[in-house]
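S.K.: Let me give you the structure first, and then I'll get to my questions.
What follows draws every value from the coordinates through simple rules; no lab data is involved. These numbers come from a predicted model, not from an experiment. With ideal geometry, Cβ positions are generated from the backbone for all residues, glycine too; neighbour counts draw on all protein chains shown.
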Amino acid sequence: MHMYILQPIFVAMSSSTPTSNTGTYTPVRQSAPVVTGKALLYLVYLATKLPFVGAKFWSDTGMYSLRTHTHKLKGVDATLLPLIPPSKAQRDTSQQAQLTLADLFRLADAHAVANPPDAANKPMAHWTVFDYYAAYKAGTTTPLRVAQAVLDAIHASDNPATENPALTAFLHTNKQATLAQAQDSTDRWAAGQPLSIFDGIPIAVKDELDVAQFPPAGLGTSFFAATRNLPSLAPFDSFCIGQLRAAGAVFVGKTTMSELGLDIINCNPITGTPRNPWNPAHHTGGSSGGSAASVASGLVPVAVGADGGGSVRIPASFCGVYGLKPTWGRISGGPTPSVDPSTGHIGPMATSIEGLAAAYALMSLQADPASLTADLAPPVALPKFLAYKSPRDLKGLRIGFYRDYFSDAETYVNEAVQGVLDYLVQHAGATVVDMTIPDIPQVRVAHVMSILSEVASLMHHQCPNEMGKLSYPTQVLMNLVQLATKTDYLTAQRQRTQTLAHLRNLFANQIDVMILPTTAMVAPKINPTSLSAGISDASFTLDGMRFAFLGNLTGLPALSCPVGFHEGLPIGCQIMGKWWDEDTVLTVGRAVSEYSASKKTRAMAAGEGDAEGKPKVWFDVLGEAVK
């Protein structure tokens, strides 16, 4: 039997995973086949029936490397969850500066004064949460009119009148439920009693979470929702969704995602592959690709995603929006089953850093009493973010810079992110601190071992008889993870312990944040065959997660900010911070957003090619609602 190996149709850099002794990062090229079409069926067959084929694939992606690393982990215990307690100083600060809804009202009102809503003059032509809030407050439109405009735009996005293909950002909508929520919000605004600045804000939610009156979370599969023994419409919200509902948010739909969250380009032949609004011939990134596309295209100003291996940050980077992966355990998705309990983080995506921060605050304002972190997490506080006036507020910031790791990206990515570093040094008085992180390749393997084991465990527990309904690329992964032993899994958790210890020391003594690229490249081009057949491209997956897995294995908060373009596609910069210190991460993000806006304004004035204002697929929802 012959295996047909199809080469990628996009121009990608060489696959790279590093080798390391303790602090040296050296890229190593790996070769893993790119497979789509009928060849995927053959690959599944071979991986299932001929163990040596799967073992070769597993070996080629470096997954056996932890077995030669165990001598460095002698005496190290396993850490199964990245649960790092806040320091006394963090807890004291959070208690004293605990965020309130009134704080967010003041932030929104101040923003409205400084930034009158005028999309034509925006460096990025995207309406923000605060623009919607200002329009509701001024009475120029209502949540009901906005909700109808969003629903119309969602329909138009999947039935385009132009040459663009369907956006496929949304999987489910419920017009009746959405309009009922919007009417309630309209009534509250008419009475002068909005619940929060999010009252009436249209929000999209990844199909990894539950939203009452919408189909239960299906994890991007054809069958998972049916195995949960729930009605056809979910009778409850995931906890963080309930927090947004309590704030008056209007849910307009569930978004498409990678199957089981296991694909970083978000190619899903089962439920549909979303398109990148900047160039619909390219991928959104995943696994929260539908959420990213819904924000980037203007359909909503905020969406909810989940990040087990970059799944908020990668699509945020590819689609040019803001995306936050908070500290592990900060935002709860319970009682919805977690697909990746030790690596998964729920977080928002938004058109602006201010809207992102507000969404994060509302999603985590109350602790889930059923969560493991209910008694551990400090109250949500954003004193630095709320007090921010200019980059000089960050004077003295210590930015960790792992030079060799940082540089393992395409040149255009390095140049864009280097511009951010230069700006923070010159305009914020920040200090760049050279640092290293030992054993990056082992950290990568430990992360992949952990997340694949967790996903496979959920599948075998929840729906053991449905594995054949998965797409072929996902079946390949579910077969390959069976090659991991219990010892492999525990070795991965021991590596987690060692990496946590190193990072705790770094943040305690040397740095406040780390800055890295979000991804090593821009969004790849879509292979048309993959839309119906799927695609297996382990090399690109490893490349795409190169700067993401560290945050997932260790639970660090991490933010992706748009900082430029390459050939019309967005580039993202990533800011990682200390556990429970989203305040500093978001405040640095606020300075970065000002840098990006000024850079874009200068480019537009000069007529330069980096002056993209709107994506190719963009909907002026608020503009339609105020007509």
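S.K.: Please state the shape class of the range 41-102: rounded when a/c is under 1.5, otherwise prolate if a/b exceeds b/c and oblate if not, all from the C-alpha gyration tensor. Mind showing how you got there, number by number?
M.R.: Working: a/c = 5.89, a/b = 2.19, b/c = 2.69.
Oblate, since a/c reaches 1.5 and b/c is not below a/b.
S.K.: Sorting 463, 267 on the 10 Å Cβ count, fewest up front, what's the list?
M.R.: Working: 463 17, 267 28.
Listing 463, 267 from fewest to most nearby Cβ atoms yields 463, 267.
S.K.: Which order do 362, 41 fall in if you start with the one that has the fewest other Cβ atoms within 10 Å?
M.R.: Values: 362 26, 41 13.
Going from sparsest to densest Cβ surroundings: 41, 362.
S.K.: Below 8 Å, C-alpha to C-alpha, sequence gap of six or more: please give me the relative contact order for the chain in percent.
M.R.: Averaging sequence separation for qualifying contacts and normalising by length gives 22 percent for the chain.
S.K.: While we're looking at this one, here's another question. Taking a cut-off of 18 Å between Cα atoms, list the aspartates and glutamates near residue 578, but don't count ones fewer than 8 places away on the same chain.
M.R.: Reachable aspartates and glutamates: 92, 307, 434, 512.
S.K.: Rounded to the nearest Å, what's the spacing between the alpha carbon centres of the range 323-354 and the range 370-426? Just the number, please.
M.R.: Distance between centres, Cα-based: 18 Å.
S.K.: Of 254, 88, how do they rank once you tally other Cβ atoms within 10 Å and put the fewest first?
M.R.: On the way: 254 28, 88 8.
By the 10 Å Cβ count, ascending, the order reads 88, 254.
S.K.: Here is a further query. Which percent, nearest 5, of DSSP beta bridges in the chain are antiparallel? Each step should come with its number before you reach the end.
M.R.: Values: 35 of 49 bridges.
Taking every DSSP beta bridge within the chain, about 70 percent pair in antiparallel fashion.
S.K.: Is the chain rounded, prolate or oblate when judged by the Cα gyration tensor, a ≥ b ≥ c being the square roots of its eigenvalues, rounded requiring a/c under 1.5 and prolate requiring a/b larger than b/c? Walk me through the numbers before you get to the answer.
M.R.: Details: a/c = 1.42, a/b = 1.21, b/c = 1.17.
Rounded, because the longest to shortest axis ratio a/c is under 1.5.
S.K.: Got a sec? Charge dipole of the chain, +1 on Cβ for Lys and Arg, -1 for Asp and Glu; which of 114, 162, 552 is way out at the positive end?
M.R.: 552
S.K.: Let me ask something else. Among 95, 413, 85, whose Cα sits farthest toward the positive end of the charge dipole of the chain (+1 at Cβ of Lys/Arg, -1 at Cβ of Asp/Glu, about the Cα centre)?
M.R.: Positive-end residue among those listed: 85.
S.K.: About the Cα centre, and with charges only on the beta carbon of Lys, Arg (+1) and Asp, Glu (-1), how big is the dipole of the range 533-583? Nearest 20 debye, please. Present the calculation step by step, with values, prior to reporting the outcome.
M.R.: Values: 2 positive and 6 negative charges, 20 e Å.
The dipole of the range 533-583 has a size of about 100 debye.
S.K.: Now a separate question. Using only helices, what value at 222 nm comes out for the chain when you add -39,500 (n - 2.57) per DSSP H run of length 4 or more and divide by the total residues, to the nearest 500 deg cm²/dmol?
M.R.: Details: 22 runs with 252 residues, N = 627.
Mean residue ellipticity, 222 nm, calculated: -12500 deg cm²/dmol.
S.K.: Still on this model: Which of 70, 399, 311 sits closest to the plus end of the dipole of the chain, meaning its Cα is farthest towards the positive end, when Lys and Arg get +1 and Asp and Glu get -1 on the C-beta?
M.R.: Checked the options; the winner is 70.
S.K.: Would you mind classifying the range 152-223 by shape? Square roots of the alpha carbon gyration tensor eigenvalues, ordered a ≥ b ≥ c; an a/c under 1.5 is rounded, otherwise it is prolate if a/b is larger than b/c and oblate if not.
M.R.: On the way: a/c = 2.72, a/b = 1.49, b/c = 1.83.
Oblate shape, in that a/c is at least 1.5 and b/c is the bigger or equal ratio.
S.K.: Taking the Cα centre of each part, how many Å lie between the range 443-504 and the range 274-290?
M.R.: So the two Cα centres are separated by 26 Å.
S.K.: Treating the beta-carbon of each Lys and Arg as +1 and of each Asp and Glu as -1, no other charges, what is the dipole magnitude of the chain about its Cα centre, to the nearest 20 debye? Before the final figure, lay out the partial values.
M.R.: Numbers: 45 positive and 48 negative charges, 159 e Å.
Dipole magnitude for the chain comes out near 760 debye.
S.K.: Please compare each pair in 88/395; 38/206; 325/389 to a cut-off of 26 Å on the Cα-Cα distance and tell me which ones are over it. Before the final figure, lay out each step's value.
M.R.: On the way: 88/395 23 Å; 38/206 30 Å; 325/389 24 Å.
Among 88/395; 38/206; 325/389, the Cα-Cα distance tops 26 Å for 38/206.
S.K.: Where in the chain are the DSSP H helices whose C-alpha atoms run 30 Å or more along the long axis and whose mean Kyte hydropathy is at least -0.5?
M.R.: Values: long enough: 440-462 (33 Å, 0.53); 486-509 (35 Å, -0.93); 582-606 (35 Å, -0.25).
What comes out of the filter, once short or polar helices are dropped, is 440-462, 582-606.
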